Amino acid sequence: MLGQKAPDFTLQDQHGKEVRLSDFLGKKVVLYFYPKDNTPGCTKQACAFAAAYEDFRRQDIAVIGISKDSVASHAKFAEKYNLPFVLLADPERKAIEPYGVWQEKKMCGKVSMGVVRTTFIMDENGIITHILPKVKPDTNAEEVLALVNK
């Protein structure tokens, strides 16, 4: 995937509005996949992106979070934590699967399928320039900013 055109998709945001990845051509995009709204790690990650949002906005970089949660769940999550960026609902895994983030996970000895926290950075032409697998929720936003500022 690295160096290739990012798979396009159309999903609903936290307001129920349809959003296409291709709508963002012409600007850099940070696309981060996370397991679930309102869980400790995902909340830390979202709040870190919210805290750094002005830095991304100044550089005309779109920040998009995607999980399997519903539009209603995203709306509550975004409102509760004042998240200023787009959250996309992907209950049918229309983006999750093409990006390869639906994987087997082990937790407390139990094996299940789920979203592995992964961040993709795309250039203005929609080409994937960085893939950050298994990112740490609290440092992901800083790590991404460091990469886009190089």
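Pairs from the table (Lys5/Lys27; Lys76/Lys106; Lys5/Lys76; Lys80/Lys110; Lys94/Lys134) lying more than 25 angstrom apart at Cα are Lys76/Lys106; Lys5/Lys76; Lys80/Lys110. DSSP assigns beta bridges within the chain; of those with both partners inside it, close to 70 percent run antiparallel. Per residue, the average separation of C-alpha pairs within less than 8 Å and at least 6 apart gives the chain a relative contact order of 33 percent. Applying a DSSP loop filter and a limit of 14 other Cβ atoms within 10 Å to the GluC sites (Glu not before Pro) in region 68-134 leaves Glu92, Glu124.
Between Lys76 and Thr10, the contour length at 0.36 nm per residue exceeds the alpha carbon distance by 21.6 nm. Would you mind counting up the charge near Glu124? Only other residues with Cβ under 10 Å from its Cβ, with Lys and Arg at +1 and Asp and Glu at -1. Once positives and negatives cancel, what remains is 0.
No value in this document is a laboratory result; all are computed from the given coordinates. Treat the numbers as computed from the prediction; the structure is a model and nothing was measured. Positions of Cβ are generated from backbone atoms using ideal geometry, with glycine treated the same way; all protein chains shown enter the neighbour counts.
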